[in-house]
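Participant: Quick one: the structure is below, questions incoming.
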Amino acid sequence: MESIREIYKIGNGPSSSHTMGPKRAVENFLHLYGTPEHVTVTLYGSLAMTGKGHLTDYIVSRTLGDIPHEVVFDRETHTDHPNTMRIVATVDDKTVEETYVSIGGGSIVRKGTVPDVAKQVYPHNTLDEIKAFCDAEGLDLSGYVYYFEGENIRDYLRLVAATMESAVHRGLRTQGKLPGALKIDRKASRMYRAAETPRAKMYAYAYAVSEENASGQTIVCAPTCGSSGVLPAVVRYSQEQFDLSDETVEDGLAVAGLIGNLVKTNASISGAEAGCQAEVGTACAMAAAYFAYVRGMSNRHIEQAAEIALEHHLGLTCDPIYGYVQIPCIERNAVAAMRAVDAYDLAELLMPDDEKITFDMVCHTMLETGKDLTSLYRETAKGGLAKLYRNDEE
Ligand code: SF4
């Protein structure tokens, strides 16, 4: 598996697969070919269906800058992966082209290239393997991360924690409307002022980050932009409830990152590929693992919390209205934060359990379930709640 840095990308919303990924693809293309005379970027599948709402064309144009270009939304051609983009350019009177797949969480794959083995940091690919290694070496799950990433990863986790907290802070203080035709009022600030319980405040934190994301502000993918409100909300809640050191929070983020990494490796963190179970479901599992870790639980207990959180998101569809990362996404982040803490509570009650269902099994099932979802429910804004509204502004 790759470094957990690949899970916690820091960047601008609203969508890791539809803005961060395409931005990286264009940057890679320009790195390969310099400054072309003209560029055509064609978006397929989910990138074409929800690219307008997710600002894909905007970010592609901004990245290309002064280079003459056009962005084409091809909603007809079928591609192997739902988030595919083709870049064709004229360079020194020759035509060059590359095809990229945005695989979720801002990561991209250039077709025809093999994964860079040098980027593989961890020798294990399942939680069962990781737990066995930890048992043999006497490590907890955060120790496992430092064992293979080195202590330097702590500096990055500190930056992740600070960026998450900044997004909460800004989101709680910003009012007005979210961008786009839905004209939704930002709610985090009002919710926070009205909140009378720590749990109610946690919902406001999730809204704060999700509203920052929907506004194109800086957030941490955890594991994606659309699900970026869940983990920061649980982190802030845990800090307010318990006397946690910065190091404990960083260690908890290491464990959460490991859980996200396992889902990315063995299933998917892309709504276009596997529905919202892959995004908010994974974020909930990461937050549940974080919470269980900072409460001092065992590796097996952490696994159970993450497994419960992911299992009970199985089948969750992706159906963003107008293709914006707003409805149902923002509310869904708050609900997932709540479920993460509940998953920890339930895991604590259930332990010791009979391990009939493991985290690895749920990962596998999530991918299978995602494949069974029709494209209506995989970030195309064609089914579910998205069917209730039609955007006349497009
Ligand atoms: S419904 Fe879920 S997967 Fe789809 S855009 Fe919203 S947060 Fe992302």
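The values are calculated or read from the model by the stated rules, or taken from the named source; none is laboratory data. Nothing here was measured: the structure is a model prediction, and the numbers come from that model. All Cβ positions, glycine included, derive from the backbone under ideal geometry; neighbour counts span all protein chains shown.
Participant: Within segment 210-221, how many residues are more than 12 Å from the ligand (Cβ to nearest atom) and either in the same structural domain as residue 55 (by TED's automatic domain parsing) or touching a Ser or Thr at 6+ places or on another chain (Cβ under 6 Å) (or both)?
Facilitator: Initially, segment 210-221 is screened for residues more than 12 Å from the ligand (Cβ to nearest atom), giving 211-212, 215-220.
If we keep only those that are either in the same structural domain as residue 55 (by TED's automatic domain parsing) or touching a Ser or Thr at 6+ places or on another chain (Cβ under 6 Å) (or both) as well, we get 219-220.
Residues in segment 210-221 being more than 12 Å from the ligand (Cβ to nearest atom) and either in the same structural domain as residue 55 (by TED's automatic domain parsing) or touching a Ser or Thr at 6+ places or on another chain (Cβ under 6 Å) (or both): 2 in total.
Participant: In segment 106-140, how many are closer than 30 Å to residue 208 by Cβ and out of contact with any Cys (no Cβ under 7 Å at 6 or more places or on another chain)? Step through it out loud before you land on a result.
Facilitator: Residues of segment 106-140 closer than 30 Å to residue 208 by Cβ: 106-108.
Applying the additional criterion that residues be out of contact with any Cys (no Cβ under 7 Å at 6 or more places or on another chain) yields 107-108.
Counting residues in segment 106-140 that are closer than 30 Å to residue 208 by Cβ and out of contact with any Cys (no Cβ under 7 Å at 6 or more places or on another chain) gives 2.
Participant: While we're looking at this one, here's another question. So, in segment 263-307, exactly how many residues are at positive phi and away from the ligand (no atom under 14 Å from the Cβ)? Can you show your working first?
Facilitator: Kept after step one, since they are at positive phi, are these residues of segment 263-307: 275, 296.
After this cut, where a residue has to be away from the ligand (no atom under 14 Å from the Cβ) as well, the list is 296.
Residues that pass the stated criteria total 1.
Participant: Count, please, the residues in segment 308-331 that happen to be within 16 Å of the ligand (Cβ to nearest atom) and within 23 Å of residue 232 (Cβ to Cβ). Explain how you work it out, then say what you get.
Facilitator: Start the filter on segment 308-331 by keeping residues that are within 16 Å of the ligand (Cβ to nearest atom), which leaves 309-310, 312-331.
Of the ones still in play, those that are also within 23 Å of residue 232 (Cβ to Cβ) are 309-310, 312-313, 316, 318, 320, 324-331.
Number satisfying all stated conditions: 15.
Participant: Can I ask one more? Looking at residue 337, is it closer than 22 Å to residue 248 by Cβ, of a type in the set (A, V, I, L, M), within 15 Å of the chain's Cα centre (by Cα) and at pLDDT 95 or above?
Facilitator: Working: closer than 22 Å to residue 248 by Cβ: yes; of a type in the set (A, V, I, L, M): yes; within 15 Å of the chain's Cα centre (by Cα): yes; at pLDDT 95 or above: yes.
Yes: the conditions hold for residue 337.
Participant: Let me ask another. If you go through segment 332-356 one residue at a time, how many are among the small types (Gly, Ala, Ser) and either within 14 Å of the ligand (Cβ to nearest atom) or not in a helix (DSSP H, G or I) (or both)?
Facilitator: From segment 332-356, those among the small types (Gly, Ala, Ser) are 334, 336-337, 340, 343, 347; that's our starting set.
Add one more test, that the residue is either within 14 Å of the ligand (Cβ to nearest atom) or not in a helix (DSSP H, G or I) (or both), and what stays is 334, 336-337.
Of the residues in that region, 3 qualify.
Participant: Check whether at least one residue in segment 243-262 is more than 19 Å from residue 314 (Cα to Cα) and within 16 Å of the ligand (Cβ to nearest atom), and report yes or no.
Facilitator: no
Participant: Going by the structure shown, is residue 315 surrounded by fewer than 23 Cβ atoms within 10 Å (Cβ to Cβ), of a type outside the set (D, E, K, R), outside any helix (DSSP H, G or I) and touching a residue at least 24 places away in the same chain (Cβ under 8 Å)? It would help to see each step written out before you state the result.
Facilitator: Numbers: surrounded by fewer than 23 Cβ atoms within 10 Å (Cβ to Cβ): yes; of a type outside the set (D, E, K, R): yes; outside any helix (DSSP H, G or I): yes; touching a residue at least 24 places away in the same chain (Cβ under 8 Å): yes.
The answer is yes for residue 315.
Participant: Right, next: Tell me the helices (runs of 4 or more DSSP H) entirely within segment 173-274 that contain at least 3 residues that are among the acidic types (Asp, Glu). Walk me through how you get there before you give the answer.
Facilitator: Details: elements: 188-194, 198-214, 230-241, 246-266, 271-274.
Ranges flagged: 246-266.
Participant: Within segment 288-304, can you find the residues that are surrounded by fewer than 21 Cβ atoms within 10 Å (Cβ to Cβ) and of a type in the set (Gly, Ala, Ser)?
Facilitator: Once the filter is applied, which keeps residues that are surrounded by fewer than 21 Cβ atoms within 10 Å (Cβ to Cβ) and of a type in the set (Gly, Ala, Ser), segment 288-304 yields 296, 298.
Participant: Follow-up. Consider segment 116-133. How many of its residues are surrounded by 18 or more Cβ atoms within 10 Å (Cβ to Cβ) and part of a helix (DSSP H, G or I)?
Facilitator: Number of matching residues: 3.
Participant: Just need a number here: residues in segment 3-19 that are in contact with a Ser or Thr (Cβ under 8 Å, 6 or more places away or on another chain), within 28 Å of residue 150 (Cα to Cα) and buried (at least 24 other Cβ atoms within 10 Å of the Cβ).
Facilitator: Count: 1.
Participant: While we're looking at this one, here's another question. Just one of 372, 353 is surrounded by fewer than 18 Cβ atoms within 10 Å (Cβ to Cβ), free of Cβ contacts under 8 Å to residues at least 40 places away in the same chain and assigned by TED's automatic domain parsing to the domain that holds residue 243; which is it?
Facilitator: Step by step, each of 372, 353 is checked, and only 372 is surrounded by fewer than 18 Cβ atoms within 10 Å (Cβ to Cβ), free of Cβ contacts under 8 Å to residues at least 40 places away in the same chain and assigned by TED's automatic domain parsing to the domain that holds residue 243.
Participant: Is there any pair with a first residue in segment 81-109 that is touching a residue at least 60 places away in the same chain (Cβ under 8 Å) and a second that is among the charged types (D, E, K, R) and part of a strand (DSSP E or B) whose Cβ atoms are under 8 Å apart and which are 6 or more apart or on different chains, and what are they?
Facilitator: That search, which allows pairs on different chains as well, returns 82/378; 87/97; 87/98; 89/97; 98/86; 98/110; 100/86; 100/110.
Participant: Suppose we filter 336, 309 for residues that are free of Cβ contacts under 8 Å to residues at least 40 places away in the same chain and crowded, with 20+ Cβ neighbours inside 10 Å; which single one remains?
Facilitator: Details: 336 fails: free of Cβ contacts under 8 Å to residues at least 40 places away in the same chain.
309 is the lone residue from the list that is free of Cβ contacts under 8 Å to residues at least 40 places away in the same chain and crowded, with 20+ Cβ neighbours inside 10 Å.
Participant: Name, by its number, the condition in (1) in the same structural domain as residue 30 (by TED's automatic domain parsing); (2) within 29 Å of residue 318 (Cβ to Cβ); (3) touching an Asp or Glu at 6+ places or on another chain (Cβ under 8 Å) that does not hold for residue 62.
Facilitator: Single failed check for residue 62: (3).
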